[in-house]
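*Asks:* Pasting in a structure now, in structure tokens, and then I'll have a few things to ask.
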């Protein structure tokens, strides 16, 4: 969290010695070993440039067998390792701490698609496979891999699964963990768990795959996955509407499930302020609906059935629905994209927020979730709490309301001194997170914990919950060598 | 597994002493304690009457606080406990072993619906709530709780979640674990984990709820849950068809996803032999499609959007689809249910199998899964393997093919001596399970492990996988007092 000061955990692990480097080289060869300081840098710094750590080497194995040997070597020597995929995380989960004495284990070379089964709707890939590549190969076979993220050109499946990634299609398809049938995982002692099964149902013992997913590489290293595919979407309707208030947003979404035949693909909340910020900073984006209403929704319905002449498609259904919602007074004004360009523009308004925020200047971002029905109260009270601490702070609330997931953001006023930001930031963070805890919400809906939310997690979840997590971590990784100092302090 | 001989594990736990009974009574009162041998019986015998165990007492707490106190008392005294819901399991997961010296902890009195949020599509219930009650209360609020099982009038949500129940709606909605947003769990030391959050997204630390679901009560006791609701289904079309062969079944299903707009609700495989068995034993059931084709499908498409005049509903879509599939030669003949009575009759053929099998006489049942695309090869080779062991055995293969889940069943010939059945059973089981393992499948797709599949699980899953499970079990329940001797032998 910007502004909070995290102290690096002590790392009582062994350093990378010349003998260890020789042993690593004998496993992965010269092309699997990066020792040069300059070449190591991209693996030691998170992509935002916010965090930088250390590592004695970056090790890039070519296959599961090499991963297993590297991990076993580390295990036998008490050397810590940080698994890393595309290094696109937002909380430092894949970035080593400055006190890290071990290695970074990059899965980037393991980037093969191993099999695709269009009839069985599955694809088997190595962990280092780019998300975009998985999506493209699925599309080549008339199938959809629904996980969709801004970073899909550089993030990898292994990282997506280790962090249980979200994105804009969660409402319909669920988080990354819902898209997985089987996993292969290298355990902290180097053993390989072969759970690479193409099974939709398996109640033969504990479900281990769900434990490794979302653990951010602290319990084992995902090396392969069998992923579920879906039929491609062939009839998509995107609409943009101004709405009465936040309660209306919840009610519109509630009705939309039924009216769309359970085909709601996305329901994204935007504000006038966030829209204007995008229009200020991102060239070529059009305002889908002029006016100065404070709240907007981007609503997308999508079906895998191509529209035939004479049948009712998604846009006719959306039209009827919006007419009804206008009558109830929940929708004030609305426009349906008439072509792909218009739909794309609506999405650029929504997805341009991240870039616009960077251009707009420093601020605070919270990736939170509460029960969908609690969103209006959370936003109302959260903004009030922040303004009480900093009366000139500018709120930008938006997000995946269908998932109860708000990207709750603030920008500091233009003239505020960095020292003041630094002083106020932890206070706002604490107020927001306390509100979340009081409402039974999550301080990390989709981005994970990594380094940045480590101490807030420890503060916001119960001792009992943290104890169970620590018990599992200690049992599976008693030396604390697999991504130490992430998610939990031991 | 009928015919296999399971030896009861040693139970080095403390017996139920008079002092412990006094302490239990002071927690749950007289009405929460069953000591009478006759009254205890229903809790000590599984509903099929196949397994009977022992318990010093049946304890029936009224709320989470009482569960916590009972578990803590057991923890402090080293007394084992078997958590039990509706006692409708098929593998003895809720039945104590004959060597069990501790108590049965029945959740049956904790049967309240605590809250329903139709706008947020969620319902919060206690573990002892009947599945049927959850479904009814959801329906009263124009919502669907999709989990649907034959035993829904007597099974409880706690048991459904502890066993990650399946049923006939998995294809569309997923297993029980997919329907859960949050859990409250009493841990083996009596601590209460409050994970009762109404969150669709939560990446703040390890996902503990998925660990407790499917663990069959061996890691903790689920006491409350927040469940996801869906819009009710308002346009359902059920069809029955004879098909060319098993490969055709897989291809029909593959195409159906798209043609139905991803609205396939169920795709159930039946054989002529299984249909005839139902017709022989269940009065009032009609054959949906006369003829002697060997393979049939029950295909149901369902949408949450009511059908309006002039728009294309599920039945028009199904009609077009079946016409196309007839042309490809995959479908030989088909009938679409013209009203609810006809649809119900098709389902009675499929669901009557369990009852018809009991009437038909002794046999073997395997609840297995493989990759959907592997079903034809599995059935072909599995039947051959069984017939090689017992040439007169009669196969009945049916099941949820969309989930890759086959209920792979056999009946012994009418004149076979019980001793011969007993001799052949373990051989058939071993051959079937070896085939499953060689195909990367599961020996328990939906029924779990419990007592009955304990030793086959140990044989069929890798040492690495079993080690990870044991490590987790030992870490969370070091005394092995929570449902000991289920899922894993320690």
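Readers should treat all values here as calculations from the given coordinates under stated rules, not as data from a laboratory. The model shown is predicted, which means the values in this text are computed figures rather than measured ones. For neighbour counting, all protein chains shown are included, and Cβ atoms are generated from backbone atoms with ideal geometry for every residue, glycine included.
*Asks:* Order by neighbour count: A:328, A:372, fewest other Cβ atoms within 10 Å first, most last.
*Replies:* Arranged by neighbour count, lowest to highest, A:328, A:372 become A:328, A:372.
*Asks:* Report, as a whole number in µm² per second, the diffusion coefficient that Stokes-Einstein gives for the stretch A:263-355 at 10 °C and 1.306 mPa s using the Kirkwood radius over alpha carbon pairs.
*Replies:* D, rounded to a whole number, is 110 µm²/s.
*Asks:* In addition: Contact order normalised by length for chain B, with contacts defined as Cα pairs under 8 Å and 6 or more residues apart; what percent is it?
*Replies:* 16 percent
*Asks:* Further, regarding this structure: Take the stretch B:202-317, compute every pairwise Cα distance, and split them into 10 Å bins from 0; I just need the percent in each bin.
*Replies:* Distribution as computed: 11, 27, 23, 26, 12, 1 percent.
*Asks:* DSSP beta bridges in the protein assembly as shown, what fraction antiparallel, as a percent rounded to 5?
*Replies:* Roughly 85 percent of the DSSP beta bridges within the protein assembly as shown come out antiparallel.
*Asks:* Could you state the angle between the C-alpha long axis of helix A:18-28 and the longest principal axis of the C-alpha atoms of chain A, as a value from 0 to 90 degrees rounded to the nearest 10?
*Replies:* 60 degrees
*Asks:* Give me the compactness ratio for the stretch A:113-228, meaning the Cα radius of gyration over 2.2 N^0.38 Å.
*Replies:* Taking the Cα Rg and dividing by 2.2 N^0.38 Å, one obtains 0.98.
*Asks:* A further question follows. If you put a point 7 Å past Cα along the Cβ direction, how far is that point for residue A:335 from the same point in each other copy, in nm, smallest first?
*Replies:* Nearest to farthest, the other copies are at 5.4 nm.
*Asks:* Regarding the stretch B:18-109, what whole-number volume in Å³ per residue does the convex hull of its Cα atoms give?
*Replies:* Value for the stretch B:18-109: 88 Å³ per residue.
*Asks:* Quick one: label points 7 angstrom along Cα→Cβ at residue B:23, distances to the other copies in nm, smallest first?
*Replies:* Spelled out, the distances from residue B:23's label point are 4.8 nm.
*Asks:* For the stretch B:235-350, what is the relative contact order in percent, using Cα pairs closer than 8 Å and at least 6 residues apart in sequence?
*Replies:* 47 percent
*Asks:* How far apart, in nm, are two points set 7 Å out from the Cα along the Cα-to-Cβ line at residue B:273 and at residue A:455?
*Replies:* 6.8 nm
*Asks:* Consider all pairwise Cα distances in the stretch B:229-273 and report the whole-number % of them above 18 Å.
*Replies:* Everything past 18 Å amounts to 36 percent.
*Asks:* From largest to smallest, what semi-axes in whole angstrom does the protein assembly as shown give when each is the square root of 5 times an eigenvalue of its alpha carbon gyration tensor?
*Replies:* 43, 36, 29
*Asks:* Could you compute the FRET efficiency for residue B:115 and residue B:316, with r as their C-beta to C-beta distance and R0 at 51 Å, rounded to 0.05?
*Replies:* Using R0 = 51 Å, I get an efficiency of 0.80.
*Asks:* If you don't mind, another one. Can you list the distances in nanometres, one decimal and ascending, from the residue A:99 label point to the identical position in each other copy, with the point 7 Å along Cα to Cβ?
*Replies:* 4.7
*Asks:* With the alpha-carbon atoms as the only input, what is the per residue convex hull volume for the stretch B:361-447 in Å³?
*Replies:* Each residue corresponds to 82 Å³ of Cα convex hull volume.
*Asks:* For the stretch B:18-109, what does the relative contact order come out to in percent, with C-alpha contacts under 8 Å and a separation of six or more?
*Replies:* In percent, rounded to a whole number, it is 35.
*Asks:* Could you compute the FRET efficiency for residue B:307 and residue B:358, with r as their C-beta to C-beta distance and R0 at 51 Å, rounded to 0.05?
*Replies:* The formula returns an efficiency of 0.85 here.
*Asks:* Another question about this same structure. Quick check: the angle from helix B:272-281's long axis to the longest principal axis of chain B, C-alpha only, nearest 10 degrees?
*Replies:* 70 degrees
*Asks:* Rounded to the nearest 0.05, what FRET efficiency do residue A:333 and residue A:280 give with R0 = 30 Å and r taken as the Cβ-Cβ distance? Could you check?
*Replies:* 0.85
*Asks:* Here's a follow-up. Could you give the distance between the Cα centres of the stretch A:125-183 and the stretch B:396-413, to the whole Å?
*Replies:* One Cα centre to the other: 32 Å.
*Asks:* Related question: Compute the acute angle (0 to 90°) between the alpha-carbon long axis of helix A:246-259 and the principal axis of greatest extent of the alpha-carbon atoms of chain A; round to the nearest 10°.
*Replies:* Around 90 degrees separate the two axes.
*Asks:* In what order do B:156, B:275 fall by count of nearby beta-carbon atoms within 10 Å, going from fewest to most?
*Replies:* B:275, B:156
*Asks:* Take the alpha-carbon centre of the stretch A:236-295, take the same for the stretch A:414-452, and report the distance between them in whole Å.
*Replies:* 26 Å
*Asks:* Here's another thing I want to ask about it. Arrange A:383, B:91, B:168 by Cβ neighbour counts within 10 Å, fewest through most, would you?
*Replies:* Listed from fewest to most nearby Cβ atoms, that is A:383, B:168, B:91.
*Asks:* In addition: Once you place label points 7 Å from the Cα toward the Cβ at residue B:419 and residue A:326, how far apart are they in nm?
*Replies:* In this crude spin-label approximation the distance works out to 8.4 nm.
*Asks:* Okay, next question. Determine the principal axes of the Cα atoms in the stretch B:335-490, then give the extent along each, sorted from largest to smallest and rounded to whole angstroms.
*Replies:* Between the extreme Cα coordinates on each principal axis of the stretch B:335-490 lie 56, 41, 30 Å.
*Asks:* In addition: Quick one: plug the Kirkwood hydrodynamic radius of chain A (C-alpha pairs) into Stokes-Einstein at 20 °C, 1.002 mPa s, and report D in µm²/s.
*Replies:* Translational diffusion coefficient: 90 µm²/s.
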